[in-house]
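Comments concern the structure below.
The values are calculated or read from the model by the stated rules, or taken from the named source; none is laboratory data. Model, not experiment: these values are computed from the prediction. Positions of Cβ are generated from backbone atoms using ideal geometry, with glycine treated the same way; all protein chains shown enter the neighbour counts. Heads up: the accessible areas ignore ligands, DNA and RNA and are worked out on the full protein's heavy atoms, side chains in. Shrake-Rupley method; radii C 1.70, N 1.55, O 1.52, S 1.80 Å.
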Amino acid sequence: QLAYATYLGGTGHTDNIHAIAVGPDDSLYVTGETMSPNLATEGAWITRAQSYSSFVAKINPEGTAVTYFTYLGWSGGYSKAHALAVDATGRAYV
């Protein structure tokens, strides 16, 4: 049964999700790669995409809000996250 459907993307021409995990509170965690420069949430570790950047996002259990989003990678580099795990405390491992 479909619980919800939503869109996660930005203004870049590439947004790809490569892995999904469910956290202990039923939040959805996703990781992948993007060229969109405008996805990060307030307080993100890295706030702007650099070339192709990996990302990790947390979506609330209802699917109505991204509660956390940050880019991963380094300036000018290419990174591509392929796997994701979430532990019992809600920490994401990419």
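Some points to look at:
- Those residues of segment 39-61 which are of a type outside the set (A, V, I, L, M, F, W, C) and outside any strand (DSSP E or B), in sequence order: 41, 42, 43, 47, 48, 50, 51, 52, 60, 61
- Of everything in segment 21-39 that is farther than 14 Å from residue 69 by Cα and loosely packed, with under 13 Cβ neighbours inside 10 Å, the residue that is nearest to the chain's Cα centre (by Cα) is 22.
- Total residues in segment 62-79, condition aromatic (Phe, Trp, Tyr), open to solvent by 30 Å² or more (accessible area, probe 1.4 Å) and either touching a Phe, Trp or Tyr at 6+ places or on another chain (Cβ under 9 Å) or part of a strand (DSSP E or B) (or both): 2
- Test for residue 82: is it outside any loop (DSSP other than H, G, I, E, B), surrounded by fewer than 18 Cβ atoms within 10 Å (Cβ to Cβ), modelled with pLDDT of 85 or more and out of contact with any helix residue (DSSP H, G or I) (no Cβ under 7 Å at 6 or more places or on another chain): no
- Options 66, 56, 22; residue that is among the β-branched types (Val, Ile, Thr) and at pLDDT 95 or above: 22
- Whichever residue in segment 1-38 is among the small types (Gly, Ala, Ser) and not in a loop (DSSP other than H, G, I, E, B) and, among such residues, is nearest to residue 81 (Cα to Cα): 32
- Number of the condition not met by residue 80 [criteria: (1) under 13 Å from the mean Cα position of the chain (by Cα); (2) within 20 Å of residue 7 (Cβ to Cβ); (3) of a type outside the set (Gly, Ala, Ser)]: (2)
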